[in-house]
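Worksheet for the structure shown next.
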């Protein structure tokens, strides 16, 4: 079976499941996608290995795992959040004349899913689709600060030994106290950033907005000037995403 055909048949297998057919035997899958069981079996084994499909001994059927739901949830959240956030990000960019990034929490990382750049061509900024650790950058620390203690401990276990966890904890506490984080000269890049949380309908921080630009422009005066405005705009995104203040 050629690689492209294998990919197509794998997608056919996944698409064969539905709300009415949550569990299927290999014979049922074979009949539905019109592919011999001998060709389906190795694909099912790969999907099992990747924990996308689970085999049920009790009835000799297969079912989709929670990982499929998670992938769909991330994709849906990403697309919907981008639609909501982008017009607000444009307003922030035009108001501050700085680049605006939208990050989504994905497993133990943050991924940039949208960006509004200024007319200035700045080098060294984040690109859309780039994944970064949660313990670095203003946006990463904002995301990490509002996660559970268990989640934070999991992140701390993979932090490089040269990074001091005590200092990270102090920064996370600062985020929780002031509701945002301002970082100067991020990763020694010559750029600084200020980031704010985005809440979902359950009140969980699932994303963050960061405003970044040359360090020389990110003075205390700049932060004081735009702090309230930025908080309000990010809260507006959260509310459109379903968040309600208590």
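For this structure, a couple of remarks:
- Residues that are in contact with a strand residue (DSSP E or B) (Cβ under 9 Å, 6 or more places away or on another chain) and either under 17 Å from residue 105 (Cβ atoms) or exposed (fewer than 13 other Cβ atoms within 10 Å of the Cβ) (or both) within the range 161-178 comprise 172, 175, listed in sequence order.
- Test for residue 181: is it surrounded by 13 or more Cβ atoms within 10 Å (Cβ to Cβ) and closer than 19 Å to residue 111 by Cα: yes
- Residues within the range 19-41 that are touching a strand residue (DSSP E or B) at 6+ places or on another chain (Cβ under 9 Å) and not in a loop (DSSP other than H, G, I, E, B), tallied: 6
- Any hit, the range 202-215, residues being without any contact (Cβ under 8 Å) to a residue 40 or more places away in the chain, assigned to a helix (DSSP H, G or I) and either in contact with a helix residue (DSSP H, G or I) (Cβ under 9 Å, 6 or more places away or on another chain) or within 18 Å of residue 94 (Cβ to Cβ) (or both): yes
- Among the residues of the range 82-99, some residue qualifies, meaning at least one is surrounded by 15 or more Cβ atoms within 10 Å (Cβ to Cβ), modelled with pLDDT of 90 or more, outside the structural domain of residue 18 (by TED's automatic domain parsing) and not in a helix (DSSP H, G or I).
- Residue 102 meets all of the listed conditions (1) out of contact with any strand residue (DSSP E or B) (no Cβ under 9 Å at 6 or more places or on another chain); (2) surrounded by 16 or more Cβ atoms within 10 Å (Cβ to Cβ); (3) not in a helix (DSSP H, G or I) but one, namely (1).
- Pairs where the first residue, in the range 221-233, is in the same structural domain as residue 95 (by TED's automatic domain parsing) and the second is surrounded by 15 or more Cβ atoms within 10 Å (Cβ to Cβ) and part of a helix (DSSP H, G or I), C-beta under 6 Å, 6+ apart: 226/96; 233/88; 233/92
Results for (1) touching a residue at least 12 places away in the same chain (Cβ under 8 Å); (2) closer than 15 Å to residue 64 by Cα, shown as yes or no for each residue.
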{"residue": "6", "(1), (2)": "yes, no"}
{"residue": "10", "(1), (2)": "yes, yes"}
{"residue": "16", "(1), (2)": "yes, yes"}
{"residue": "19", "(1), (2)": "no, yes"}
{"residue": "26", "(1), (2)": "yes, yes"}
{"residue": "29", "(1), (2)": "yes, yes"}
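- Residue check for residue 218: surrounded by 17 or more Cβ atoms within 10 Å (Cβ to Cβ), more than 24 Å from the chain's Cα centre (by Cα) and either at negative phi or in the same structural domain as residue 81 (by TED's automatic domain parsing) (or both): yes
- Comparison of 171, 162, 150 shows that the only residue that is without any contact (Cβ under 8 Å) to a residue 12 or more places away in the chain and either outside the structural domain of residue 105 (by TED's automatic domain parsing) or assigned to a helix (DSSP H, G or I) (or both) is 150.
The values are calculated or read from the model by the stated rules, or taken from the named source; none is laboratory data. Predicted model only: the values in this text are computed from it and were never measured. Cβ sites come from the backbone with ideal geometry, for glycine too, and all protein chains shown count toward neighbours.
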